[in-house]
Amino acid sequence: DLLDCQKLKLISFEKENLYNFSYFSIVLPVYNTKKYIESSIFSIINQSFRAFEIIIINDFSNDGTQNIIQKFQSQFSKIKIINHSSNLGIYISRVEGVLNSNGNYIIFIDSDDILLNPFLFQKLYEFNIYYNLDIIEFVVLHQEEGKNNLFLPSDHKLNHFHNYSKNIIYQPELSNILFYEPRTLNYSEVICRTIWNKLFRKDVLLKTIKFIDTENNKKLHFNYGEDTIMNVLNFQFSINYSNIYLPGYVYNIRKISISHSNLGTENDIIICQNFFIYFKLFYKYIKCFNKNRNYFLFELNKFQNYLIKLKESNSTEYILEAIQFFN
């Protein structure tokens, strides 16, 4: 039976000292998620496997979230908190979590989501000790906020890269398969956009971060497509991948998500900026690794239509620069 971590009793904090090292680093960006953060943290510290640390990046929350995470930190020594003095976005928060981690493997969690299975870390550890993988994927289920309706979404390819055959996929197939659906050879979508139902070797993530940061030479307020571009690069820089058929993550469907809750009246301009960053990085990836352009062109067409609508109501420099770049 699927377990609801929110109803589990808290495992004694004293058990954390059973391990004095961190095999996993759990990276948890937070921004104004006071309503959800307690359940999210509980679902992590209730894991039966104890060799992990939690890195919480507080992205300038102002709703009382900081008080909650500080209370957890006072009781659980393996929680590390990084506080931002301004809102920098989820991408930078995740990067800082990786750079400040001690574990060899990273799991990303959004602060409005939870881990479903208290034995997830144990199963991932056992699986990885046997196969020594760069990426392990597990099952994510969706749940509409306020409802008790866990389900596998119809568009599950956005979350799940591969059918759960327990095969190990190696390079070059690993990076190339991201651009097509093998049965139909359809290049119209990238399979598996999300990064929060996967275990990543830290060294892989460091290569991805370097690739993205050397392009921009500045911090990115990057809240659109950051999962997709990171996934594409993670699969490029990994040697191997496999999956485990284990429901382990619950994605909370709510109207205002962590990625967009900090967008104010300049919403359209910020979306445009994020589109621009996303496509510049994708373009660089295609050029550097000689990948097929079909997906890029498919997405670009959608963005150009969006730009045309924006131009009619706004002529800001960023929109005009984007139009010029993509034309």
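The values are calculated or read from the model by the stated rules, or taken from the named source; none is laboratory data. Every value quoted in this text rests on a predicted model; they were computed, and no experiment measured them. Backbone-built Cβ (ideal geometry, glycine too); neighbour counts: all protein chains shown. Ligands, DNA and RNA are excluded from the accessible area calculation, which covers all protein heavy atoms including side chains. Shrake-Rupley method; radii C 1.70, N 1.55, O 1.52, S 1.80 Å.
Among the criteria (1) open to solvent by 20 Å² or more (accessible area, probe 1.4 Å); (2) modelled with pLDDT of 65 or more; (3) of a type outside the set (A, V, I, L, M); (4) under 18 Å from residue 31 (Cα atoms), the one residue 261 does not fulfil is (2). Pairs linking a residue in the range 232-243 that is under 16 Å from residue 288 (Cβ atoms) and open to solvent by 10 Å² or more (accessible area, probe 1.4 Å) to a residue that is among the hydroxyl-bearing types (Ser, Thr, Tyr) and part of a helix (DSSP H, G or I), with Cβ atoms under 7 Å and 6 or more positions apart or on different chains, are 236/175; 237/208. Of the residues making up the range 49-80, those that are more than 20 Å from residue 202 (Cβ to Cβ), open to solvent by less than 50 Å² (accessible area, probe 1.4 Å) and either in contact with a strand residue (DSSP E or B) (Cβ under 8 Å, 6 or more places away or on another chain) or of a type in the set (Ser, Thr, Tyr) (or both) number 7.
Among all residues of the range 182-192, there is none that is out of contact with any Pro (no Cβ under 9 Å at 6 or more places or on another chain) and modelled with pLDDT of 80 or more.
Residues satisfying the criterion are present in the range 58-67 (criterion: acidic (Asp, Glu), within 26 Å of residue 253 (Cβ to Cβ) and out of contact with any helix residue (DSSP H, G or I) (no Cβ under 9 Å at 6 or more places or on another chain)). Within the range 96-115, restricting attention to residues that are buried (at least 17 other Cβ atoms within 10 Å of the Cβ) and touching an Asp or Glu at 6+ places or on another chain (Cβ under 8 Å), which residue is nearest to residue 206 (Cα to Cα)? Ranking the qualifying residues of the range 96-115, first place goes to 101. Scanning the range 229-258 for residues being modelled with pLDDT of 85 or more and either part of a helix (DSSP H, G or I) or among the β-branched types (Val, Ile, Thr) (or both) gives a total of 13.
Say whether the condition of being under 24 Å from residue 135 (Cα atoms) and at pLDDT below 80 is met by at least one residue in the range 276-289. Scanning the range 276-289 turns up no residue that is under 24 Å from residue 135 (Cα atoms) and at pLDDT below 80.
Can you pull out the helices (runs of 4 or more DSSP H) entirely within the range 31-121 that have at least 1 residues that are farther than 26 Å from residue 230 by Cα, over 20 Å from the mean Cα position of the chain (by Cα) and modelled with pLDDT of 95 or more? First the steps, then the outcome.
Details: elements: 37-45, 65-75, 90-99.
In the range 31-121, the matching helices (runs of 4 or more DSSP H) lie at 65-75.
Residue 221 meets the conditions (1) at pLDDT 90 or above; (2) within 18 Å of residue 28 (Cα to Cα); (3) of a type outside the set (Lys, Arg) in every case but one. The failed one is (1).
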